[in-house]
Amino acid sequence: MTDLPTPKPGILDIAPYVGGKSSIAGVAEPMKLSSNENMLGAGEKARAAYEAAVRNIHIYPDGRATKLRTAAAEHHGLEPERLIFGNGSDEVFALLNQTYLTAGDNIVCGQYGFLAYRISAKACEAEVKLAPEPGYKAEVDALLEQVDERTKIVYVSNPSNPTGSYNSAEEIRRLHAALPAHIILVIDEAYAEYVTEPDWESAFGLARDADNIVVTRTFSKIHGLGGLRIGFGYAPLKVAEAIDRIRLPFNVSVPGLEAATAALSDEAHQKASRDLVSTWKPRLTQAIRGFGFDVLSSAGNFVLVIFKDVEEATAASDYLNLKGIIVRPVGGYGLPQALRITIGTEDQNRAVIDALSEFAAQ
């Protein structure tokens, strides 16, 4: 009997990523508040560009994403040749790991950092070192304590999913200054457009003159294009050029490129999306705290509710499901006693408040 094909070491130890649930048995149109999507959807400009792109879907996309590259660089004040486009920012993380990690190397990230960093690192036979977050926030000193001679990349979610915490500009500068020059600092700014905290700032400026910082953004959140999978990284030119050697040549679709380019110019949609979150996040937080549950302060478009134990969190999720509302259990992040709730439309947010009020009164 011949041996069967065997995955390389570590692959079968990886827990597959599980996205937010999207359906409830017996409910035709549930309120899906489990994936931090933009509940206003995509803007009119992005939708129109997507529809117009249909006439060209028989043609391979521009592998350099030239149109989007130019628009994103102008929008954010960046050098276009330093941008890396991917099938969501998830792919940018995977490309970084694939380019820089070898067996026995490691990445460092916060205890509750985004799971995508870890999955692709383990696929490269690298170790994942988690820095404790006792206050549900990545701490500079804790991250630095995990760094050793085999560390190649340090990941920071800023703001962080699922906790909603953030690191100030001063903290990011201090972290970067303390890292050896050969270690890449990746700052994931997926929720950047929602941040209103005065001591936060984008790391684009810090990255401009650094040889070892990569800043990532996504079109899945503020722009409402999660289904099109578009993200990018702003990297040192040598890093961008190295990644281009392994990046699949047509990794972003024609409709995705067109919709993302249009989305950047839709300031009205971006403002409406920010206004919805800035209006309802404090209301939702205050209401849920009033029911006796702990809600972490959040810089993103979601809140994390901490219950007294796993049983209560599970019961709350089940009760919300009964009301046609889907939220996100985050046991996969080591937070089985918590639920993450995306800020929705006014009707959706009121439904969440009513349901949790009823649950608390049981």
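The values are calculated or read from the model by the stated rules, or taken from the named source; none is laboratory data. Just so it is clear, the structure is predicted and the values come from calculations on it, not from any experiment. With ideal geometry, Cβ positions are generated from the backbone for all residues, glycine too; neighbour counts draw on all protein chains shown. Accessible surface areas use protein heavy atoms only, side chains included; no ligands, DNA or RNA. Shrake-Rupley method; radii C 1.70, N 1.55, O 1.52, S 1.80 Å.
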**Item:** Charged-residue dipole, Cβ positions (Lys, Arg, Asp, Glu), the stretch 69-122 about Cα centre, Debye nearest 20
**Value:** 200 debye
**Message:** Taking the full set of protein chains and a 1.4 angstrom probe, give the accessible area of Glu201 in square angstrom, rounded to the nearest 10.
**Reply:** 100 Å²
**Asked** Given the Cα-Cα distance of Glu44 and Leu144 and 0.36 nm per residue of separation, how much length would full extension add, in nm?
**Response** 31.6 nm
**Prompt:** If amide H atoms are built 1.01 Å from N in the plane of the peptide, which residues on other chains or at least 5 residues away come under 5 Å of the amide H of Thr151?
**Reply:** Asn106
**Asked** How many angstrom separate the Cα center of the stretch 149-201 from the Cα center of the stretch 319-362?
**Response** 28 Å
**Request:** List every residue whose amide H lies under 5 Å from the amide H of Glu133, counting only residues 5 or more places away in sequence or on a different chain, with H placed 1.01 Å from N in the peptide plane.
**Result:** Gln111
**Request:** Once you've got the Cα coordinates, tell me which of Lys137/Lys308; Lys67/Lys238; Lys45/Lys238; Lys137/Lys221; Lys122/Lys308; Lys32/Lys67 are over 25 Å apart.
**Result:** Lys45/Lys238; Lys122/Lys308; Lys32/Lys67
**Asked** Tell me, what is the 1.4 Å probe accessible area of Leu257, in Å² to the nearest 10?
**Response** 20 Å²
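When the accessible area of the stretch 239-362 is computed with all protein chains present and a 1.4 Å probe, what percentage of it is carbon and sulfur?
51 percent
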**Message:** Once neighbouring chains are kept in place and the probe is 1.4 Å, which whole percent of the accessible area of the stretch 1-85 is contributed by carbon and sulfur?
**Reply:** 57 percent
**Size of electric dipole in the chain: Cβ of Lys, Arg +1 and of Asp, Glu -1, about Cα centre, debye, nearest 20** = 620 debye
**Request:** Towards the positive end of the charge dipole of the stretch 1-124, with charges on Cβ (+1 Lys, Arg; -1 Asp, Glu), say which of Cys124, Ala53, Leu12 has the farthest Cα.
**Result:** Ala53
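Provide the percentage of antiparallel DSSP beta bridges, counting only those with both residues in the chain; round to the nearest 5.
Looking only at bridges with both residues in the chain, the antiparallel portion is about 50 percent.
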**Asked** Between exposed trypsin sites (Lys or Arg not before Pro) in the chain, where DSSP calls loop and at most 16 other Cβ atoms lie within 10 Å, what's the longest gap?
**Response** 151-244
**Gain in span if fully extended, Glu29 to Ala268, counting 0.36 nm per residue against the direct Cα distance** = 83.3 nm
**Pair Glu74, Ala315: separation of 7 Å Cα→Cβ label points (nm)** = 5.7 nm
**Complete:** The size of the Cβ-based charge dipole (Lys, Arg +1; Asp, Glu -1) of the stretch 54-163 about the Cα centre, to the nearest 20 debye, is 500 debye
**Prompt:** Using a simple spin-label model with points 7 Å from Cα along the Cα→Cβ vector, what separation in nm is obtained for Asp199 and Thr345?
**Reply:** 3.8 nm
**Asked** Efficiency by 1/(1 + (r/R0)^6): what FRET value for Leu237 and Asp294, r their Cβ-Cβ distance, R0 = 41 Å, to the nearest 0.05?
**Response** 0.35
**Request:** Please calculate how many Å² of accessible area the chain carries per residue, with a 1.4 Å probe and no DNA, RNA or ligand atoms counted.
**Result:** 45 Å²
**Prompt:** Once phi is turned into ³J(HN,Hα) by the Karplus curve 6.51 cos²θ - 1.76 cosθ + 1.60 with θ = phi - 60°, what whole-Hz value does each residue of the stretch 134-148 show in order, with x for glycine and proline?
**Reply:** x, x, 6, 9, 5, 10, 4, 5, 5, 5, 5, 5, 7, 6, 9
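Need the full-extension length gain, Ala177 to Asp3, defined as separation in residues times 0.36 nm minus the C-alpha distance. One decimal, nm.
Using 0.36 nm per residue and subtracting the Cα-Cα distance, I get 57.6 nm.
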**Complete:** Between Ile343 and residues 5 or more places away or on another chain, the pairs with built amide H atoms under 5 Å apart involve Phe302, Val303
